[in-house]
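The next block holds one structure in the form of structure tokens; read it before the comments.
Read the figures in this text as sums done on the coordinates, not as results from a lab. Keep in mind it's a predicted model, so treat the numbers as computed, not measured. Because the Cβ atoms are built from the backbone with ideal geometry, glycine has one as well, and the counts that use them run over all protein chains shown.
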Amino acid sequence: MDICIPEVLADLEQVAPVYAVSGNNDPEWLRARLPRERIFDVGTFRIGLTHGDSRSYPAREWVLRRWRDTVACVVYGHSHVAEVVVRSGVLMVNPGSPTRPNFGRRASVAIIDVQDTIDARIVEVG
């Protein structure tokens, strides 16, 4: 999701397993290494991960159309505008950006809590 710097992935991999996808600002070699989208399971929940940079629809509309019947949660980016919302039964999470938020927003990340339920919250970091 616009990682741009390879050391970021290496640093995160030192902390925990990393699921990453490429974003539109990533260099070509990183786009070749990372998929555009992926689906993985955490507990009993299926989570979709994509940058969401479709030109046809806003990112949140595109990911909902793409995965509405496939996942319980979708994490997407592209707009760098943080939000957590449930639409059509899907928990939709845009973490914003820890480095380049848009529209005067504060830098942020998302925390997704998976237990018997799945919930998310935005945490401002700057």
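Volume of the convex hull of the chain (Cα atoms only), normalised per residue: 112 Å³.
Defining a contact as two alpha carbons under 8 Å apart and six or more residues distant in sequence, what relative contact order in percent does the range 6-124 show? Relative CO of the range 6-124 lands at 15 percent. Seen from Val81, the other residues with C-beta closer than 10 Å to its C-beta sum to a net charge of +1, counting Lys and Arg as +1 and Asp and Glu as -1. Placing pseudo-labels 7 Å out from each Cα toward the beta carbon at Phe40 and Val8 gives an inter-label distance of 1.6 nm. How many angstrom separate the Cα center of the range 96-126 from the Cα center of the range 44-89? So the two Cα centres are separated by 14 Å. A simple rule links phi to the HN-Hα coupling: the Karplus curve 6.51 cos²θ - 1.76 cosθ + 1.60 with θ = phi - 60°, which for the range 31-37 gives 4, 6, 7, 9, x, 6, 7 Hz, with x for Gly and Pro.
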